[in-house]
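A quick write-up on the structure given underneath.
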Amino acid sequence: MARIEYPEAVGTLVDELKALPGVGPRSAERIAIWLLQHPKSDPAGLAAALTRAKAEVSSCPMCGFFATSERCSICDHPNRERTLCVVEQPTDVLPMERSGVFKGRYHCLGGRLSPLDNVTPDDLRIAGLVRRVEEEGVEEVILALGADVEGEATASYLGDLLKGKCRVSRLAQGLPAGGGLEHADALTLARAFEGRREQ
């Protein structure tokens with residue numbers, strides 16, 4: 001007996017959804033069926049929003065954040081401080097902005113150094129960072145990179161590269177608010193001790 005499958009159009013939709021990061025085969029199938037059968041779904045609206053975002057949103061040539069004009073709204077803002085916060089991805093900018101603690105500009109590297117994955121300095125937006133530091137009179141570069149091996153390697157590389165051009169600092173790392181010691185790993189505890197301050 002022949003195996004019964006979804007119609008080809010549904011199978012194609014499931015395949016497209018499976019290609020998204022974090023969406024496995026079962027999740028892709030559930031999303032596809034929901035889009036096709038749920039009374040509140042609006043596949044045409046979703047398709048229109050996706051098409052519009054793809055057409056209108058680009059990468060800011062200065063910092064790499066999302067832009068709908070020549071430059072993003074952060075780079076265009078005239079009252080930002082002459083400090084750059086270096087992050088790995090454009091999605092890292094929004095948590096910083098929402099916290100309200102940083103008033104400077106950003107620079108998105110587009111990843112981090114990873115020799116095992118063949119990601120070298122030429123694959124990242126490092127040359128643009130150095131150019132901005134020199135041309136914009138940047139006073140400080142704050143490295144807001146991951147605490148894993150690749151993040152540490154990237155921070156070390158950038159620290160050496162920018163030495164003498166401006167002040168370079170790194171975000172403090174340690175225990176999260178509301179977290180107990182029983183959930184902290186050894187590296188987090190070590191960073192918390194290194195970054196301790198007088199009460």
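Overview of results
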item	result
Nearest-ten-degree value, helix 8-18 long axis tilted from longest Cα axis of the chain	20 degrees
Exposure proxy ranking, count of Cβ atoms within 10 Å, fewest first, for LYS103, LYS40	LYS40, LYS103
Label-point separation in nm, LEU35 to LEU187, each point 7 Å along Cα→Cβ	3.6 nm
Cα-based helix-to-principal-axis angle, 149-162 vs the chain, degrees rounded to 10	40 degrees
Contour excess over end-to-end distance, with Cα ends at LYS103 and ARG71 and 0.36 nm allotted per residue	9.8 nm
Of SER99, SER27, SER114, the one that fluctuates the most in a GNM where the chain has Cα springs shorter than 10 Å	SER27
GNM top mover of PRO90, PRO176, PRO121 - the chain, alpha-carbon springs below 10 Å	PRO176
Candidate values (1) 0.93; (2) 1.07; (3) 1.12, label of the one derived for Rg/Rh (Cα atoms, Kirkwood Rh)	(2)
For VAL119, distant residues with modelled amide H under 5 Å away	SER114
Nonlocal amide H pairs with TYR106, under 5 Å, H built at 1.01 Å	CYS85
Acute angle (nearest 10 degrees) that the helix 43-56 long axis makes with the longest principal axis of the chain, alpha-carbon atoms	40 degrees
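All of the numbers you see were taken from the coordinates with simple rules; none came from a lab. Given the structure is predicted, the values throughout are model-derived calculations rather than measurements. Neighbour counts are summed over all protein chains in view; Cβ atoms, including those assigned to glycine, are modelled from backbone coordinates with ideal geometry.
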